[in-house]
Amino acid sequence: MRIHFIKNVHFTKLIKVNGKSVKEFNFRKIRNGEDELFSVDVSDDRGNRIMFQMHKDNGAWHITDGLLPAWITENETRLHELIEEELKNLMD
């Protein structure tokens, strides 16, 4: 009997948004069939938790949800970089 192990990947990164405030983004890798996704959550200025997913398409991680604050969507490239950096560190 062969046991297949899937590593649980989760990490937290601080990102400066709007040139002033720092937000804590929490990332958790999830599997949805063959798709690999990241569930991401962050608090807004009022403490409300905003949750969204990122999906890898054509080599880049993209936000899959449409109705998010601009300070999140404007940082999509930065979020992609942080995910790729973390995954690279796991492989080293």
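The values are calculated or read from the model by the stated rules, or taken from the named source; none is laboratory data. Small disclaimer: the values here were computed from a predicted structure and weren't measured. Note that we place each Cβ from the backbone using ideal geometry, even for glycine, and neighbour counts take in every protein chain shown. Heavy atoms of the whole protein, side chains included, go into the accessibility calculation; ligands, DNA and RNA do not. Shrake-Rupley method; radii C 1.70, N 1.55, O 1.52, S 1.80 Å.
Residue pairs whose Cβ atoms lie under 7 Å apart, separated by 6 or more positions or on different chains, with the first residue in region 32-48 and free of Cβ contacts under 8 Å to residues at least 40 places away in the same chain and the second part of a strand (DSSP E or B) and of a type in the set (Val, Ile, Thr), are 37/30; 39/30; 41/50; 42/50; 44/50.
Show me the strands (runs of 3 or more DSSP E) found entirely inside region 1-60 where at least 1 residues are farther than 22 Å from residue 88 by Cα, at pLDDT 90 or above and touching a helix residue (DSSP H, G or I) at 6+ places or on another chain (Cβ under 6 Å). So that I can check it myself, show each step before the final result.
On the way: elements: 10-17, 21-32, 35-43, 49-57.
Filter on region 1-60 gives 10-17.
Scan region 72-92 for residues that are more than 10 Å from the chain's Cα centre (by Cα) and open to solvent by less than 40 Å² (accessible area, probe 1.4 Å) and the total you get is 4.
Looking only at region 12-24, decide whether some residue is open to solvent by 60 Å² or more (accessible area, probe 1.4 Å), of a type outside the set (Gly, Ala, Ser), touching a residue at least 24 places away in the same chain (Cβ under 8 Å) and touching a His at 6+ places or on another chain (Cβ under 6 Å). No, every residue in region 12-24 fails to be open to solvent by 60 Å² or more (accessible area, probe 1.4 Å), of a type outside the set (Gly, Ala, Ser), touching a residue at least 24 places away in the same chain (Cβ under 8 Å) and touching a His at 6+ places or on another chain (Cβ under 6 Å). Here is the figure for region 45-68: residues that are under 17 Å from residue 17 (Cβ atoms) and loosely packed, with under 13 Cβ neighbours inside 10 Å total 6.
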